[in-house]
């Protein structure tokens, strides 16, 4: 949702000509019935699919398609909705399968972009069906952390997390940090405890209204608040510059999400720090985390270096949102 809000702002900055009217669709909005001359539609898969079924949107003239965070759409089980939307577009403007076939200079062919951080089998299915002889552009190494990020992983007890967080934030000064938790309730608790201890923090998660999210993000972006406590809703697509430190208060359940989280720092050529609190709740991801740290030439804590699958059979159950 937040990503969709950002797109029109960027359009206005980079457009060299006046763009057609933009229509933004997401679940919190109702339907628009009498809107004409739409040049750009920005929408979540579910809401755009609903509008197609209800006849409020027609895509027969669409010839430019962008699937941003395509892998995330698949992870959230939106594959069928995405395919339904793509199938609603005319196939007559697809380029031929044979790359040697000469293109008709008088025709307008559909241009399709798919932006993805990972390439799962589901992503490959989408690409095979809807892309014609695609050009693959890779920024950095797919699935690996930015080399400008210094990664620190600390083995810690649950009771030690908040005091350790305070120590890191005390070293932050006037710089900004994003603190990630796995649960919305945990985000509220951590932010509330930080406020009580005199830190300038705010919170971001899925239980907040869009207005609340916008207000909290604005306070963080303009440096009125310098600590953002968030769930994975902030791990992708949030345009926040100059984040000095990302702190995984809770280790996420996958290395892919770990990579997305720490990618909020070290952006636009700047360096950043990522610190992760690791507990026995997280043994399911120990092996892949160790591999990720080794690949990025980061320090591997001793407990993680000597870990063997099954060696913590009596570990506590992992807590989820």
**Message:** Can you tell me which residue is nearest to the chain's Cα centre (by Cα) among those in region 183-199 that are in a loop (DSSP other than H, G, I, E, B) and within 23 Å of residue 242 (Cα to Cα)?
**Reply:** 199
**Asked** Would region 271-284 turn up any residue that is without any contact (Cβ under 8 Å) to a residue 40 or more places away in the chain, surrounded by fewer than 22 Cβ atoms within 10 Å (Cβ to Cβ) and either under 20 Å from residue 177 (Cβ atoms) or in contact with a strand residue (DSSP E or B) (Cβ under 7 Å, 6 or more places away or on another chain) (or both)?
**Response** no
**Item:** Extreme residue, farthest from the chain's Cα centre (by Cα), among residues of region 73-87 that are closer than 17 Å to residue 54 by Cβ and either surrounded by fewer than 17 Cβ atoms within 10 Å (Cβ to Cβ) or at pLDDT below 80 (or both)
**Value:** 87
**Asked** Here are some residues: 174, 160. Which one is modelled with pLDDT under 95, out of contact with any helix residue (DSSP H, G or I) (no Cβ under 6 Å at 6 or more places or on another chain) and surrounded by fewer than 18 Cβ atoms within 10 Å (Cβ to Cβ)?
**Response** 174
**Message:** Please pick out the residue among 261, 267, 290 that is in the same structural domain as residue 184 (by TED's automatic domain parsing) and closer than 20 Å to residue 191 by Cβ.
**Reply:** 261
**Message:** Please go through (1) at pLDDT below 75; (2) within 30 Å of residue 168 (Cα to Cα); (3) surrounded by 15 or more Cβ atoms within 10 Å (Cβ to Cβ) for residue 149 and return the number of the only condition it doesn't satisfy.
**Reply:** (1)
**Request:** Test residue 114 against the stated conditions and say whether it is more than 30 Å from residue 80 (Cβ to Cβ) and touching a helix residue (DSSP H, G or I) at 6+ places or on another chain (Cβ under 9 Å).
**Result:** no
**Prompt:** Looking at (1) over 20 Å from the mean Cα position of the chain (by Cα); (2) within 30 Å of residue 294 (Cβ to Cβ); (3) in a helix (DSSP H, G or I), which is the only condition residue 124 fails?
**Reply:** (1)
**Request:** Check whether at least one residue in region 91-100 is under 19 Å from residue 44 (Cα atoms) and surrounded by 16 or more Cβ atoms within 10 Å (Cβ to Cβ), and report yes or no.
**Result:** no
**Residue under evaluation residue 56, criteria (1) touching a residue at least 12 places away in the same chain (Cβ under 8 Å); (2) closer than 23 Å to residue 122 by Cβ; (3) surrounded by fewer than 19 Cβ atoms within 10 Å (Cβ to Cβ), criterion not met** = (2)
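The values are calculated or read from the model by the stated rules, or taken from the named source; none is laboratory data. No experiment lies behind these values; they were computed from the predicted model shown. Quick reminder, even Gly has a Cβ in these numbers, built from the backbone with ideal geometry, and neighbours come from all protein chains shown.
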